[in-house]
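Below you'll find the structure, written out as structure tokens, and then a few comments.
The values are calculated or read from the model by the stated rules, or taken from the named source; none is laboratory data. Everything numeric in this text was worked out from a predicted model, so none of it was measured. Every residue, glycine as well, gets a Cβ built from its backbone with ideal geometry; the counts of neighbours run over all protein chains shown.
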Amino acid sequence: MAMKRKYDYANPIAIKSGTETLEQTETILETVRLHEIVLFNDDVNTFDWVITSLIEVCEHSAEQAEQCSVLVHYKGKCGVSTGEYSKLESQCTELLNRGLSAEIH
């Protein structure tokens, strides 16, 4: 998944015509690749621990964390957070430190 960011930079070249000054604007599009943390099912962690971890680490609401934990239980995995790699790296590390099984895709 990719997200485009739009940046507008004023071009330093100004064109003077009589009493008017015209300025050119250059638009640069940057493609940012989005990643996802995938949480996997295991037979060790309780629903309460998974829910608490998702609330504290991934900033889920209680309802969202509960829904994700049910999906992980029945489907085997669930995407729990999406964003730029640098943001997800610390979240994934914390989930792993809590004994959960997670990967960044």
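Taking the stretch 56-105 on its own, how many of its residues are free of Cβ contacts under 8 Å to residues at least 60 places away in the same chain, outside any helix (DSSP H, G or I) and farther than 19 Å from Arg33 by Cβ? So the answer is 8.
Step by step: first the residues of the stretch 20-52, then only those that are in a strand (DSSP E or B) and among the acidic types (Asp, Glu), then the one that is farthest from Glu89 (Cα to Cα). Which residue is that? Break it down into steps so the answer makes sense when it comes.
Initially, the stretch 20-52 is screened for residues in a strand (DSSP E or B), giving 20-33, 35-40.
Filter once more, so that each one left must be among the acidic types (Asp, Glu): 20, 23, 26, 30, 36.
Working: Glu20: 51, Glu23: 42, Glu26: 33, Glu30: 21, Glu36: 10 Å.
Here the residue is Glu20.
In the list Glu23, Glu56, which residue meets the criterion of being of a type in the set (D, E, K, R), at pLDDT below 95 and over 14 Å from the mean Cα position of the chain (by Cα)? Please lay out each step first, then the result.
Details: Glu56 fails: at pLDDT below 95.
Going through Glu23, Glu56 in turn, just one is of a type in the set (D, E, K, R), at pLDDT below 95 and over 14 Å from the mean Cα position of the chain (by Cα): Glu23.
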